[in-house]
Amino acid sequence: MNKLKVIAKYGKLLCADQLAIGSGGNLSIRDERSVIIKKKGASMSSGSAKNYIKVPLNKINGPLKNDLSSETPFHIACYESRPDIGAVIHVHSPFIVAAGSKIKRLNSNSYEFDYILKSSVPVIKYIQPGSIALARAVAKEIKNGSSAVILKRHGAISVGKTLEEAYIRIRALERACMTFVFSR
């Protein structure tokens, strides 16, 4: 299956799983020296490949800049921070946002968490979405080995070698945050 169809499939799954709504959230996949990322303002719910754009990693500030997701800087920062990363997912899901407002780090609360996320998940203080400062803060945590990062009052990101791995991690993070919220 070609990468545009794969990314569109996972975008639709994120919406079906209520991890993203409308044009909120985004995802990307590495494609050699390029990245395929959701277009600015596009809804992932359609599952349409036309909602994604391929852009060379070194041309992010070029003529396509206005078509790119506002969160492109942290997607690129993730790819630059670790060569093993092949996909990045960003969501604004309700349990992640709720848990992130109460904690500084999400520690394991289940076997599923241990198996999928591997280690505790850091919470980054609120930083303006789309900013270089946010991209740097996310990259720092990813470079230190995190597979996911919660963004206070914003949502979360997960990374993986594949979109499937990043998707399973963001699902596991939402479930862990749901467990956290219900246990309070």
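All of the numbers you see were taken from the coordinates with simple rules; none came from a lab. Just so it is clear, the model here is predicted, and its values are computed rather than measured. All Cβ positions, glycine included, derive from the backbone under ideal geometry; neighbour counts span all protein chains shown.
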For Ser48 and Thr179 in one chain, what is 0.36 nm times their gap in residues minus the Cα-Cα distance, to one decimal in nm? 43.9 nm
In vacuum, with every alpha carbon of the range 128-184 counted as one equal point scatterer, what does the Debye formula give for log10 I(q)/I(0) at q = 0.17, 0.23, 0.27 Å⁻¹? Two decimals, please. -0.61, -0.98, -1.13
Subtracting the Cα-Cα distance from 0.36 nm times the residue separation, let me have the gained length for Lys161 to Lys143 in nm, one decimal. 5.1 nm
Once both label points are put 7 Å beyond Cα along the C-beta direction, the Ser119-Asn58 separation in nm becomes 3.2
Estimated vicinal HN-Hα couplings, Hz - the range 157-172 in sequence order (Karplus 6.51, -1.76, 1.60; Gly, Pro = x): 10, 9, 10, x, 5, 10, 5, 4, 5, 5, 5, 4, 5, 5, 5, 5
Using a Gaussian network for the chain with springs between C-alpha atoms less than 10 Å apart, which of these wobbles most: Gly86, Gly100, Gly130? Gly130
Here are some values of P(r) over Cα pairs in 10 Å bins from 0, in percent: (1) 9, 37, 38, 13, 3, 0; (2) 8, 31, 36, 22, 3, 0; (3) 10, 42, 37, 10, 1. Which one was computed from this structure? (3)
Mind listing the phi-derived Karplus ³J(HN,Hα) values for the range 123-130, rounded to whole Hz, using 6.51, -1.76 and 1.60 with θ = phi - 60°, and x for any glycine or proline? 10, 8, 4, 4, 10, 3, x, x
Would you compute, from DSSP H runs of 4+ residues alone, the mean residue ellipticity of the chain at 222 nm, taking -39500 (n - 2.57) per run and dividing by the full residue count, rounded to the nearest 500? -12000 deg cm²/dmol
Calculated FRET value between Ser101 and Arg33, using beta carbons and R₀ = 41 Å, to 0.05: 0.60
Candidate aspartates and glutamates - alpha carbon under 17 Å from Lys39, same-chain residues fewer than 8 apart omitted: Asp31, Asp67, Glu71
